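The values are calculated or read from the model by the stated rules, or taken from the named source; none is laboratory data. From a predicted model like this one, the values you see are computed outputs, not experimental measurements. Counting neighbours? That spans all protein chains shown, and the Cβs are built from the backbone with ideal geometry, glycine included.
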Amino acid sequence: MYGVYELQNFHLKIRDLELGIFEENGFRIYRRGDLKKVVVAESGRVVVNPVEPVNLPKNITRFLLIEFDKPMVVEPKSNGKISLTFPIEIAVILAGKKSFEVLDVFSFVEPKYTLYGDPKNGVVCRYWRSEIFEEEEDYVKGRLEVEISNSSSEWVEVEKLVFDVYGMKIYYGESVVAFAEVRILSEKVAETEFVDRRIGKKSLELYTARKIPMVGKKFVMEWGF
């Protein structure tokens, strides 16, 4: 389902949802449910791919908080890997020769938001709850492979992670997957970062399509985890 389509032949059915560009009264109309947009174009392509999960119901934040269903304890001076999930948002993007326009973003997951940190200095985050080593689900949740290192001399308990999604690289094929690294620096401080591990086809990032400058990829968790 994800991929690139010709403008004239774009029509999809995803789960129980139909979307596409249709001819109506001499105009091209993009339609998904009750949403309709007139498309004035004779050529071009339509890109459909999973994107950073912070666009709905509108662009509220650039941060994603994933809470574990059960705490994880990490040994001092150790490295390990875990598998989590993240919510999938799907973008429909009009692509010309040199430019892009985001036509639509939708999801089969109701977005929730939360605050990380104190009310004065904390950050608003898209909220997601995941089991460790949970399976992904088509069009609903993707797989996030996380490498964790604990450079401190203490055992550390981790209940949640916060990421800056403007550094998120999403790939799709047999499944939707992204990769991240977590560096635990002390009992209260950790550094998180999405990393690029090329596997399958790479999604077009919405902050790139919208020409939003990326000021940084790393996030320092200073209010615990």
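Within segment 168-180, identify whether any single residue is out of contact with any strand residue (DSSP E or B) (no Cβ under 9 Å at 6 or more places or on another chain) and of a type in the set (D, E, K, R), and answer yes or no.
yes
Got at least one residue in segment 69-89 being under 30 Å from LEU7 (Cβ atoms) and in a loop (DSSP other than H, G, I, E, B)?
Checked segment 69-89: at least one residue is under 30 Å from LEU7 (Cβ atoms) and in a loop (DSSP other than H, G, I, E, B).
Report yes if some residue within segment 112-119 is modelled with pLDDT of 95 or more, among the hydrophobic types (A, V, I, L, M, F, W, C) and under 23 Å from ILE90 (Cβ atoms); otherwise report no.
Scanning segment 112-119 turns up no residue that is modelled with pLDDT of 95 or more, among the hydrophobic types (A, V, I, L, M, F, W, C) and under 23 Å from ILE90 (Cβ atoms).
Give the residue that is surrounded by the most Cβ atoms within 10 Å (Cβ to Cβ), with candidates limited to residues of segment 173-182 that are free of Cβ contacts under 8 Å to residues at least 60 places away in the same chain and not aromatic (Phe, Trp, Tyr).
Residue satisfying both the conditions and the ranking: ALA180.
Does GLU154 satisfy the condition of being assigned to a strand (DSSP E or B) and touching a residue at least 40 places away in the same chain (Cβ under 8 Å)?
No: the conditions fail for GLU154.
Checking the conditions here, which among LEU144, LEU161, LEU206, LEU115 is free of Cβ contacts under 8 Å to residues at least 40 places away in the same chain and not hydroxyl-bearing (Ser, Thr, Tyr)?
LEU115 is the lone residue from the list that is free of Cβ contacts under 8 Å to residues at least 40 places away in the same chain and not hydroxyl-bearing (Ser, Thr, Tyr).
Which of the residues spanning segment 25-43 are surrounded by 11 or more Cβ atoms within 10 Å (Cβ to Cβ), assigned to a strand (DSSP E or B) and free of Cβ contacts under 8 Å to residues at least 60 places away in the same chain?
Answer for segment 25-43, where residues must be surrounded by 11 or more Cβ atoms within 10 Å (Cβ to Cβ), assigned to a strand (DSSP E or B) and free of Cβ contacts under 8 Å to residues at least 60 places away in the same chain: ARG28, ILE29, ARG31, LYS36.
Give segment 117-172 a look and list any residue that's at positive phi and surrounded by 16 or more Cβ atoms within 10 Å (Cβ to Cβ), or say none.
TYR139
Among the candidates GLU75, GLU89, which residue alone is in contact (Cβ under 8 Å) with a residue 24 or more places away in the chain and exposed (fewer than 12 other Cβ atoms within 10 Å of the Cβ)?
Unique residue meeting the criteria: GLU75.
Assess whether ILE21 counts as being crowded, with 19+ Cβ neighbours inside 10 Å, hydrophobic (A, V, I, L, M, F, W, C) and over 30 Å from LYS217 (Cα atoms).
Against the criterion (crowded, with 19+ Cβ neighbours inside 10 Å, hydrophobic (A, V, I, L, M, F, W, C) and over 30 Å from LYS217 (Cα atoms)), ILE21 qualifies.
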